[in-house]
Amino acid sequence: MTSANLFARMSSGIADPARLAIETPDGLSLSYGDLFDRAAQAANALTALGVMPGDRVAVQVDKSPDMVVVYLACLRAGAVLLPLNTAYTLAELGYFLSDAAPRLMICRPSSLEVVRNLARTVGVAHVESLGIRRDGSFAAKIAGASDTFATVPREGDDLAAILYTSGTTGRSKGAMLTHGNLQSNAAALADLWRFDANDVLIHALPVFHTHGLFVAINVTLLAGARLIFFPAFDADAIVAALPRATVLMGVPTFYVRLLGHAGLTRETTAGIRLFVSGSAPLLQETHLAWRDRTGHAILERYGMTETNMITSNPYAGERRAGTVGFPLPGVDLRIADPETGVELARGSTGMIEVRGPGVFRGYWNMPEKTQQEFRPNGFFITGDLGKIDDDGYVQIVGRAKDLIISGGFNVYPVEVEAEVDALDDVLESAVIGLPHPDFGEGVAAIVVAAPGADLSEHTILDALKDRLARYKQPKRVIVVEALPRNAMGKVQKAALREAYSDLFSAQA
Ligand code: AMP
């Protein structure tokens, strides 16, 4: 029987089981043979707990190779992985457990007791623990299980994972991702980015999010390449690993922080063939500074939990700063009128909509919400506003919900941010719309000064006068120490809007 099981696809490409799959700084390295055998043991442990194909397995553990083992075990057993951000509180966990109704929850050893108590109240049958040093009750079950397991056949549209989106408004939604979604996207990226078994990828991303879990891990394992697995981002450790690696995948903050490290040079990066950035906008300034320092052009790509990766700058060819490149092979991408869904002419700014093999099956338990986010012709409404330039490069101008409408005019935050960021003494900025008694929304800029610089609201407002149309100019500037960001480096604009919600009404 042919199977679309992603694990079957990964394992079929491994010619030499003795090749290293995962290397860690603390010596917990695994060959492909070790990794797949351990995944078989973990799959047997899941099955012994009554986990059946289609059952959800929630996992909230610290990052270690055993998280990859649990992921592969779920694929092998046909179970649906539900990775949870380690920052979620017990109350948040309660929501995910009651919404997804997993058969099993795997948590950190230190929270076993409280999670068991919670699980009882929401009807989750089993709670096990897994630590980063092969400790915890589930690690013991893995150790005691057979390393022979017949991978469960799966169809392309069978679920492989549910990832809850980091929704800032309303309830967090569980995006249902299939074996076919993950497999097609990983294969497209591995091909486009020319991965092969000699690649060594520096992995310092979290493993509960699409970037670190699917883009980085699936692409590497599909190619039979190696992961250097770091528990978290650490600039010293990454700079030290650069000479042993060929690829780095990161969020923009990684690149900004590495630029602040004296060890980042042409010499230390000479063996790297590809730097990839995604999950949040990479400033042009960062792209240029990186190229000056290392001689490498960072490849920026764009995607989201619901769609997998959608666009990428080219491997060979111009990687254009400030753009996210071209749609991946097999992805239909169009710019549409946000209200009517009618496709707009090339060069217009509108809603980015996509259709293709990576687009998810819908939101778990939310059929109406799912229906609202798709057009009748199957295009998924991403919620991102963007445009396509004359050469076909896609440019993102921001989330639709971050669009500012001031006095009836549309203000795209990214355009104002680019001008603010270009000013001397500015490190970075976030431009938001706040309730305003006259204009509906007023433009406000939240700005971080460059190290050692002394910024005032007045100097910024003055400097922007000739650079932006009047309606786009911020009416207020607030200088702060740092912008609030989530684990993927995304600026939390909803939090800023809340914090400064009465900025203009207080004035009136
Ligand atoms: P998530 O589902 O958490 O991966 O978030 C997806 C969102 O991140 C997208 O809808 C975009 O708003 C944003 N995003 C991802 N990659 C990029 C990028 N290269 N540039 C700008 N925004 C991005």
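The values are calculated or read from the model by the stated rules, or taken from the named source; none is laboratory data. It should be emphasised that the depicted structure is a prediction, and the values quoted were computed from it without experimental measurement. Please note: Cβ atoms are built from the backbone with ideal geometry, for glycine as well, and neighbour counts cover all protein chains shown.
For the stretch 169-212, the set of residues classified as within 17 Å of residue 245 (Cα to Cα) and part of a loop (DSSP other than H, G, I, E, B) consists of 193, 194, 195, 196, 197, 198, 199, 204, 205, listed by residue number. Among the residues of the stretch 223-241, write down those that are surrounded by fewer than 22 Cβ atoms within 10 Å (Cβ to Cβ) and in contact with a Gly (Cβ under 9 Å, 6 or more places away or on another chain). Scanning the stretch 223-241 gives 224, 233, 235, 236, 239, 240. If the condition is being over 21 Å from residue 479 (Cβ atoms) and surrounded by fewer than 17 Cβ atoms within 10 Å (Cβ to Cβ), then the stretch 400-425 contributes 400, 401, 405, 407, 408, 409, 410.
The set of residues from the stretch 71-107 being β-branched (Val, Ile, Thr) and surrounded by 20 or more Cβ atoms within 10 Å (Cβ to Cβ) comprises 80, 106. For the condition in a loop (DSSP other than H, G, I, E, B), within 15 Å of the ligand (Cβ to nearest atom) and within 15 Å of the chain's Cα centre (by Cα), residue 215 does not qualify. Test residue 329 against the stated conditions and say whether it is away from the ligand (no atom under 12 Å from the Cβ) and either in a loop (DSSP other than H, G, I, E, B) or closer than 18 Å to residue 201 by Cα (or both). Taking the combined requirement at face value, the residue satisfies it.
If I filter the stretch 246-267 for residues that are touching a residue at least 60 places away in the same chain (Cβ under 8 Å), among the basic types (Lys, Arg), in contact with a helix residue (DSSP H, G or I) (Cβ under 9 Å, 6 or more places away or on another chain) and crowded, with 16+ Cβ neighbours inside 10 Å, do I get at least one hit? Taking every residue of the stretch 246-267 in turn, none turns out to be touching a residue at least 60 places away in the same chain (Cβ under 8 Å), among the basic types (Lys, Arg), in contact with a helix residue (DSSP H, G or I) (Cβ under 9 Å, 6 or more places away or on another chain) and crowded, with 16+ Cβ neighbours inside 10 Å.
Let's see how each residue does on (1) more than 16 Å from the ligand (Cβ to nearest atom); (2) modelled with pLDDT under 95; (3) crowded, with 17+ Cβ neighbours inside 10 Å:
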| site | (1), (2), (3) |
| --- | --- |
| 109 | yes, no, yes |
| 114 | yes, no, no |
| 119 | yes, no, yes |
| 140 | yes, no, no |
| 163 | no, no, yes |
| 171 | no, yes, no |
| 187 | yes, no, yes |
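Return yes or no: is residue 267 touching an Asp or Glu at 6+ places or on another chain (Cβ under 7 Å), acidic (Asp, Glu) and farther than 16 Å from residue 394 by Cα? Taking the combined requirement at face value, the residue does not satisfy it. Do you know which residues across the stretch 294-318 are β-branched (Val, Ile, Thr), in a loop (DSSP other than H, G, I, E, B) and within 9 Å of the ligand (Cβ to nearest atom)? Result: 305, 307.
Is it the case, given these coordinates, that residue 441 is acidic (Asp, Glu) and either crowded, with 16+ Cβ neighbours inside 10 Å or in contact with a Ser or Thr (Cβ under 8 Å, 6 or more places away or on another chain) (or both)? Taking the combined requirement at face value, the residue satisfies it. Annotation: of all residues in the stretch 267-283 being within 16 Å of the ligand (Cβ to nearest atom) and part of a loop (DSSP other than H, G, I, E, B), the one that is modelled with the lowest pLDDT is 283. The criterion of at least 1 residues that are at pLDDT below 95 and away from the ligand (no atom under 16 Å from the Cβ) is met by the following strands (runs of 3 or more DSSP E) wholly inside the stretch 361-409: 404-406. What tally of residues in the stretch 189-212 results from selecting those that are within 16 Å of the ligand (Cβ to nearest atom) and out of contact with any helix residue (DSSP H, G or I) (no Cβ under 8 Å at 6 or more places or on another chain)? Qualifying residue count, the stretch 189-212: 6.
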